[in-house]
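S.K.: Pasting a structure here, questions to come.
The values are calculated or read from the model by the stated rules, or taken from the named source; none is laboratory data. Note that the coordinates shown come from a computational prediction; the quantities given were computed from them, not determined experimentally. When we count neighbours, we look across all protein chains shown, and the Cβ atoms used for this are built from the backbone with ideal geometry, even at glycine.
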Amino acid sequence: MDSVTNLGDFPEALGFSERGLSRQHLGQRFTLSFLSQVPSSTPLLRDFKFSSLVALESGRYYTAFVGSDVNGDGNPLSDRPGFLGRNTIEGPGYATVDMRVARPIKFNERWNGEFTLDFFNLFNRTNIRDISTVYGGIDLNVAPIASFKTPRDVFNPRQTQFGFKLKF
């Protein structure tokens, strides 16, 4: 599903309308989750629970900027190189696998608990949250500055979490 906006960088009084993909636009997204439990008849691993969530997304869209006030309007943050439209640069995709291993423990008839071990971003993939969108000049025929389209921020690396839930 497309997410399109018409809130461009031009004042509405000029009569311009600029439609383009919004920052929330996401071309494709795939998610897969599963839950499994080892049967009670299996020694050593009985009653262990395994669950996972896989998420894959296409890249988000960004707008390229010159990085200076080329048109002299007093706003150095809105000028774009050439005639590039809004949100025309596709950033990198996103992929992550989260996993949980859980083991229930029965203390008595009323009290039981569950130990959990969670892995977020299990394979420690570097997922980029934001990129540098400063092109460095107005002319698209000139190569951009070296930092153009390089990562500015990334999502969390692998994280592990231990937990215990008490039920009574």
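S.K.: Does at least one position in segment 41-52 carry a residue that is of a type in the set (Lys, Arg), at pLDDT 95 or above and surrounded by 11 or more Cβ atoms within 10 Å (Cβ to Cβ)?
M.R.: Yes: segment 41-52 contains one or more residues that are of a type in the set (Lys, Arg), at pLDDT 95 or above and surrounded by 11 or more Cβ atoms within 10 Å (Cβ to Cβ).
S.K.: Which of the residues belonging to segment 122-141 are surrounded by 11 or more Cβ atoms within 10 Å (Cβ to Cβ) and among the β-branched types (Val, Ile, Thr)?
M.R.: Correct list: Ile128, Ile131, Thr133, Val134, Ile138.
S.K.: Looking at segment 156-167, can you tell me whether even one residue there is in contact (Cβ under 8 Å) with a residue 40 or more places away in the chain, among the polar types (S, T, N, Q), in contact with a Lys or Arg (Cβ under 6 Å, 6 or more places away or on another chain) and surrounded by 12 or more Cβ atoms within 10 Å (Cβ to Cβ)?
M.R.: no
S.K.: Going through Phe115, Phe148, Phe107, Phe119 one at a time, which residue ends up being in contact (Cβ under 8 Å) with a residue 40 or more places away in the chain and surrounded by fewer than 17 Cβ atoms within 10 Å (Cβ to Cβ)?
M.R.: Of the residues listed, the single one that is in contact (Cβ under 8 Å) with a residue 40 or more places away in the chain and surrounded by fewer than 17 Cβ atoms within 10 Å (Cβ to Cβ) is Phe115.
S.K.: A follow-up question, please. Taking Pro92, is it assigned to a strand (DSSP E or B) and not aliphatic (A, V, I, L, M)?
M.R.: No; evaluated as a whole, the condition is false for this residue.
S.K.: Which residue pairs have Cβ atoms under 7 Å apart, sit 6 or more places apart or on different chains, and have a first residue in segment 57-74 that is outside any loop (DSSP other than H, G, I, E, B) and a second that is of a type in the set (Phe, Trp, Tyr) and surrounded by 13 or more Cβ atoms within 10 Å (Cβ to Cβ)?
M.R.: Glu57/Tyr94; Phe65/Tyr135
S.K.: Looking only at segment 81-113, filter to residues that are among the charged types (D, E, K, R) and within 25 Å of the chain's Cα centre (by Cα); which one of those is modelled with the lowest pLDDT?
M.R.: If we take residues in segment 81-113 being among the charged types (D, E, K, R) and within 25 Å of the chain's Cα centre (by Cα), then Arg86 is modelled with the lowest pLDDT.
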